[in-house]
Structures are given as structure tokens and as C-alpha cells.
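The values are calculated or read from the model by the stated rules, or taken from the named source; none is laboratory data. The shown structure was predicted, so the numbers you read here are calculated from the model rather than taken from an experiment. Neighbour counts run over all protein chains shown; Cβ positions are idealised from the backbone, glycine included. When the accessible area is computed, the model is the full protein with side chains, heavy atoms only, and any ligands, DNA or RNA have been set aside. Shrake-Rupley method; radii C 1.70, N 1.55, O 1.52, S 1.80 Å.
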Amino acid sequence: MSERSQGGSRYPVYVTRRIPEAGLRLIQEVCDVHIWEGEMPPPKEVLVREVAHCEGLLSLVTDPVDAEVIAAGGRLRVISQYAVGVDNIDVQAATARGIPVGHTPGVLTEATADLTFALLLSAARRIVEGVDTVRSGKWRTWEPLGLLGNDVWGATLGIVGLGRIGAAVARRARGFAMHILYYDITRKPELERELSVAYAPLPELLARSDFVSLHCPLLPETYHLIDEQALRRMKPTAMLINAARGPVVDTGALTRALQEKWIAAAALDVTDPEPLPPDHPLVSLPNCTIVPHLGSATITTRERMALIAAENLLAGLRGERLPHCVNPEVYL
Ligand code: NAP
Ligand code: GLV
């Protein structure tokens, strides 16, 4: 325990939603914790008001921790994100103020890769349409030409972003005898050897793949990486899987691509906007499967994320280096 907490003074922290107890308990041992108890994220004005009083902020992907929020945190010494992606945080603004930003890499890799593969299989074999057929009483007989899908075994998978999750998806794809292409901002020769994956420039990957799965972070360079031109490069039989971030795909272009059958199907864990309004055309398209950002949503994964988020937060409050820091330049 730090000298400061032993001395009775506790760190004031703001936690923007209730996270698994294991992580929260660690934080509560040494901090005065204010938790936003709402089901929906705290409004921006609440964030601005709360950070003014706290030294630590534990944030979620749904919280806009932008330059205004960071500037309001005059006493803020650490931001700990309960996620691996930090595109909701203005990391540059935090770095400029010397505030380390923590995140939770690794512990959610396998859960997110599992969900990605579930989406891929679901799109390929039209599982949701099949379930709808049964539930709506339309299952009348075994049909020789009913709900025919695409083969996964032996098909070509194109992975965009061969990082932790992209590589974990490739490992699963090898079990399905898939041919694997990848595109990344940097080549990964060790993974090419280990996973028998081949690098391809993005246009080539899009043209050759039966399934395209997105696993890059959302950055200015990846915003709308999959736009109309990219979708038109894909095969008409191909399927797009997005478990990265919604804005990596141009939603309008994807809607037209699915309506006009430039591609066969899409399966999305993430959308732009998020959530997608229930009356958005993508929601009711039979060739589009959407789940509500469930990548890391397993009991053990969320518990591990809570522990890492707590460790990052406490390290920052104690003036120690964060175990998982996205802006290590603050320590230079
Ligand atoms: P990671 O290990 O950092 O992998 C990201 C990969 O994308 C890296 O290989 C990175 O290359 C590459 N990349 C960076 N910029 C790129 C660009 N412009 N074009 C193509 N590739 C690029 O991260 P991760 O842990 O696998 O997570 C990836 C993303 O998945 C997260 O950022 C998050 O947005 C998303 N995610 C979603 C869920 C969910 O619930 N659906 C759960 C977890 C994560 P370098 O290594 O060279 O930078
Ligand atoms: C979830 O989307 C994450 O980035 O961890």
C-alpha cells in the first residue's frame, strides 16, 4: 500500500460505469471512488465536472475523453481505459499534459477472436436467417436449395491488421484449412512463418479473399479504410467481418454494397454510429448480422480486464509506470 493511503489520505477517482467487483475492490481499498451508476454513459458535462475533482479516471470505450475533458482534469494524473482500443481518448492531449493512459491488451484477445470467428461462421452458414426461419414458423421441410451458404473450410481469409487479435483469428482459421492473407501497416515476418500467412497489399487482399476480417485500430489513417472503392474490389460472393471499430467501415457504402449485392454478406460486432438505430437499413438486411459490441464479453475476460484497469489506475496514482501504457513517451 502506498505511503499516502497509509497516511489516511485516499486518491479521489472517477469510474464511469460499474466494472467487475474484483477490479473495483482493488481500487476501493486505496481510493475514494465515485462511480457513475447509470446504465448509459455519463454525459460529457458530467465527465467534465467529475474529472475536475479526481486524480484518476477509469474510462470505457463509450466515454468521450477528449481534449476538453482532459483540460478540465486539473488534478488528473492517470487515465485507465477498461478496453484495449483507446480511440475515444485524445491520447495526444493526455501526453501533452504528461498524463499516462493505460489500457487492457492481451487478456481480451482470445475472446474477441472467438467472437470474430463466430460471426464469420454465422455469416457463411446463414445461422441468423436459419434461426429466424424456425422462430417465424417458416421451417416446412428440408430444402435442396434453401439457405445455401458459403464454405469456410479451405476458403481464403484476408486479415486487415495482424496484431494480437488478427493473429489469434489466423490461428483459428488454420484449423479450418483456410488460406490466409494479411495486410498491415508493418510486415510481420515472424508471424508469416509461424502462421503460414502471406502479406498482400490491401487492394489485392480485398480482391482475393472470400472473407475479409478487420482487426486494425481506429486511427485517422484507418477511418473509412473500407469505403465504396474497397467494397467494390471484393468478390460478389465475399463476406466482411468487423470486430475492430465501426468507423473503419463507411456505413453508407456498406449498406449499398449489401443492398445491391456488391458483396454477399457482412457480420458486425461494431458499427458507426454505435449503437445503430433500430430503423437503420443495415439492421433489417437479411445478409447483415449485427451484435452489440460483444468482442470481450465473457465473464473471465471482463474480470481480467477489470484487474488490469485497476492495476494501471493504481500505478498511475502512486507515480509508478503503468503496466500497460499507450503513451510511454510521458516517462521520457
Ligand atoms: P494490436 O495488437 O495493436 O493490433 C492492431 C494491428 O493493426 C497491429 O498489427 C497494427 O500494426 C495494425 N495497424 C495499425 N495501423 C494500421 C493501418 N493503418 N492499416 C493496417 N493495419 C494497421 O491490437 P489488438 O489488441 O489486436 O486490437 C485491435 C483492435 O481491435 C483494437 O484497437 C480495438 O479497436 C479492436 N477491439 C475490438 C474489440 C471488440 O469488442 N469488438 C475488442 C478488442 C479490441 P502495428 O503493430 O505495426 O502498429
Ligand atoms: C473493445 O472494444 C476494446 O477495445 O477492448
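Using only the heavy atoms of the protein chains and a 1.4 Å probe, how would His324, His280, His34 rank by accessible area, largest first? Walk me through the numbers before you get to the answer.
Working: His324 60, His280 40, His34 90 Å².
Largest to smallest exposure gives the sequence His34, His324, His280.
Between Val283 and Ala72, what length in nm is gained on full extension when 0.36 nm per residue of separation is reduced by their alpha carbon distance? The partial results should precede the final answer.
Numbers: separation 211, 0.36 × 211 = 75.96 nm, distance 3.78 nm.
Fully extending the segment from Val283 to Ala72 adds 72.2 nm.
Here the spin labels are modelled as points 7 Å beyond Cα on the Cα-Cβ line, and at His179 and Glu274 they lie 3.3 nm apart.
For the chain, the solvent-accessible area of protein heavy atoms averages 48 Å² per residue (probe radius 1.4 Å; ligands and nucleic acids excluded).
Our summary gives the chain a relative contact order of 19 percent, counting only alpha carbon pairs under 8 angstrom and 6 or more residues apart.
In order along segment 293-303, phi translates into HN-Hα couplings of 6, 9, x, 9, 7, 10, 4, 6, 5, 5, 5 Hz, rounded to whole numbers, per the Karplus curve 6.51 cos²θ - 1.76 cosθ + 1.60 with θ = phi - 60° and x for Gly and Pro. With all protein chains in place and ligands, DNA and RNA left out, the 1.4 Å accessible area ranks Asp250, Asp132, Asp87, Asp269 as Asp132, Asp87, Asp250, Asp269, largest first. Within the shell of other residues whose beta carbon sits under 11 angstrom from the beta carbon of Gly163, the net charge comes to +1, with Lys and Arg scored +1 and Asp and Glu -1.
Summary of the geometry: segment 246-268 and segment 82-139, compared by the centres of their Cα atoms, lie 17 Å apart. Note on segment 153-223 and segment 271-306: Cα centroid distance 22 Å, given to the nearest whole angstrom. In loop segments of segment 92-184 as defined by DSSP, the trypsin sites (Lys or Arg not before Pro) with at most 10 further C-beta atoms inside 10 Å of their C-beta are Lys138, Arg140. Stretching Ala200 away from Arg232 to a fully extended chain increases their span by 9.8 nm, per 0.36 nm per residue minus the current alpha-carbon distance. Of the GluC sites (Glu not before Pro) in segment 201-251, the ones in a loop by DSSP (not H, G, I, E or B) with at most 16 other beta carbons within 10 Å are Glu221. The accessible area of Lys188, taken with all protein chains in place and a 1.4 Å probe, comes to roughly 60 Å².
Charges only on Cβ, +1 for Lys and Arg, -1 for Asp and Glu: so what's the dipole of the chain about the Cα centre, in debye to the nearest 20? Walk me through the intermediate numbers first.
Working: 33 positive and 39 negative charges, 132 e Å.
The calculated dipole for the chain is roughly 640 debye.
Normalised radius of gyration (Cα atoms, divided by 2.2 N^0.38 Å) for segment 109-290: 1.00.
Lys and Arg at +1, Asp and Glu at -1: add these up for the other residues within a Cβ distance under 13 Å of Gly252 and post the number. Walk me through the intermediate numbers first.
Values: positive: Arg256; negative: Asp227, Glu228, Asp250, Glu260, Asp272.
Once positives and negatives cancel, what remains is -4.
Applying the Karplus relation 6.51 cos²θ - 1.76 cosθ + 1.60 with θ = phi - 60° to segment 98-115 yields 3J(HN,Hα) values of x, 9, x, 10, x, 8, 10, x, x, 5, 9, 4, 5, 4, 6, 5, 4, 5 Hz, where x marks Gly and Pro. Couplings for segment 205-216, taken from phi via the Karplus curve 6.51 cos²θ - 1.76 cosθ + 1.60 with θ = phi - 60°, read 4, 5, 6, 9, 8, 8, 9, 10, 10, 9, 9, 8 Hz in order; Gly and Pro are left as x. Taking amide H as placed 1.01 Å from N in the peptide plane, the amide H of Ile241 sits under 5 Å from that of Val212, Ser213, Leu214, Ala267, each at least 5 places away or on another chain. Measuring nothing but protein heavy atoms, the accessible surface of the chain at 1.4 Å probe radius is 55 percent carbon and sulfur.
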